[in-house]
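First up is the structure itself, then whatever we jot down about it.
The values are calculated or read from the model by the stated rules, or taken from the named source; none is laboratory data. Remember, it's a predicted structure, so these values are computed and weren't measured experimentally. A quick note on method: Cβ atoms are made from the backbone with ideal geometry, for glycine too, and the neighbour counts reach across all protein chains shown.
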Amino acid sequence: MSSLPRAGLRLMHVHAHPDDESSKGAATTAKYVAEGVDVHVVTCTGGERGSVLNPKMDRPEVWENIAEVRRAEMDAARDILGVTQDWLGFVDSGWPDGDPKPPLPAGCFGLVPVEEGALPLVRLIREFRPHVMTTYDENGGYPHPDHIQCHLVSMYAFEKAADPEFAPELGEAWQVQKIYYHHGFNRPRTVAIVDAMRAAGLESPWEERLAKWKEDPEHDARITTRVPCGEYFGVRDQALLAHATQIDPDGHWFAVPLEIQQKVWPTEDYELVVSHVPASTPEDDLFAGIPVPAERMEA
Ligand SMILES: [Zn+2]
């Protein structure tokens with residue numbers, strides 16, 4: 001087995017769509033991979049109803065093959081991040097546009113009963129046996145129906161995977177030690193970055209968004225864990241760019257120079273939701289309190 005310091009530790013990220021693994025927590029992923037952690041990404045849907053957000057990719061042949069195109073993009077991002085990945089196989093719910101919102105399309109992930117949607121995830125948890133899992137908070141991070149469903153399915157599977165009475169045909173019970181919510185897009189970070197852009201005399205695409213973003217100290221206080229990973233922001237950006245239909249290289253993702261991000265906010269931020277090991281927060285490591293497994297010594 002690898003001689004890297006954290007070989008033997010395993011981290012599972014559960015995401016709604018291909019590209020979410022690159023826009024949320026990707027620098028954390030790259031850091032842990034570099035330290036020897038096995039990182040597995042579970043993607044709940046194929047992203048079939050995502051739009052083409054990069055004008056350079058807005059072409060008929062892309063639209064006609066959007067499912068395959070997004071699979072190929074995911075393959076590229078997976079290799080850049082150094083992770084393994086599985087699809088849960090559900091169909092994207094799409095963003096319900098309109099007021100009132102239209103009903104979700106038949107058969108989509110958002111309409112699958114949670115107990116059903118969690119079954120393939122329970123199987124994957126019992127196979128991969130992660131020490132740590134991540135998912136979204138109860139609002140999905142942002143209120144896309146697939147993100148909210150991802151939250152529900154993750155929390156249910158986290159609990160049920162550990163119960164030996166539950167669906168024994170899906171594998172031997174496995175207790176994940178800790179589960180976290182992503183809070184990478186928090187308001188204090190955006191304030192810090194907008195301030196730094198102004199100080200550097202640069203125009204920030206986030207000013208407008210920040211003006212509409214109400215202060216919410218209670219929400220900000222939910223962050224328990226800041227993982228230093230600034231040196232991996234470049235890898236995160238490469239993984240994002242691999243999702244060429246979803247990411248405009250000239251868009252807001254890349255408008256803030258890396259050096260500014262690394263200087264003013266060199267962490268990705270999380271909320272520890274459940275821990276089965278003694279944990280003291282604030283902390284700076286998703287694996288805090290979890291020893292490197294002895295199994296790595298066998299090699
Ligand atoms: Zn998404």
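Computed quantities for the displayed model
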| read-out | value |
| --- | --- |
| Test: residue in the stretch 201-223 that is at pLDDT 95 or above and buried (at least 16 other Cβ atoms within 10 Å of the Cβ) | yes |
| Helices (runs of 4 or more DSSP H) (entirely within the stretch 30-135) containing at least 3 residues that are touching a residue at least 24 places away in the same chain (Cβ under 8 Å), of a type outside the set (Ser, Thr, Tyr) and over 21 Å from residue 185 (Cβ atoms) | 66-81, 114-117, 119-128 |
| Filter result for the condition that a residue is touching a helix residue (DSSP H, G or I) at 6+ places or on another chain (Cβ under 6 Å), away from the ligand (no atom under 16 Å from the Cβ) and under 15 Å from residue 154 (Cβ atoms), over 41, 62, 122 | 122 |
| Residue check, residue 157 more than 24 Å from residue 92 (Cα to Cα), away from the ligand (no atom under 16 Å from the Cβ), at pLDDT 95 or above and assigned to a helix (DSSP H, G or I) | no |
| Filter pass, residue 33 being surrounded by 17 or more Cβ atoms within 10 Å (Cβ to Cβ), of a type in the set (A, V, I, L, M), under 13 Å from the mean Cα position of the chain (by Cα) and away from the ligand (no atom under 16 Å from the Cβ) | no |
| Answer residue from the stretch 136-150, given it is assigned to a loop (DSSP other than H, G, I, E, B) and either more than 16 Å from residue 184 (Cβ to Cβ) or small (Gly, Ala, Ser) (or both) and is farthest from the ligand (Cβ to nearest atom) among those | 138 |
| Number of the condition not met by residue 28 [criteria: (1) touching a Cys at 6+ places or on another chain (Cβ under 7 Å); (2) at positive phi] | (2) |
| Matching entry among 19, 38 (being among the acidic types (Asp, Glu), at positive phi and surrounded by 20 or more Cβ atoms within 10 Å (Cβ to Cβ)) | 19 |
| Selection from the stretch 1-29 of residues that are in a strand (DSSP E or B), within 30 Å of residue 104 (Cβ to Cβ) and either away from the ligand (no atom under 16 Å from the Cβ) or touching a His at 6+ places or on another chain (Cβ under 7 Å) (or both) | 12 |
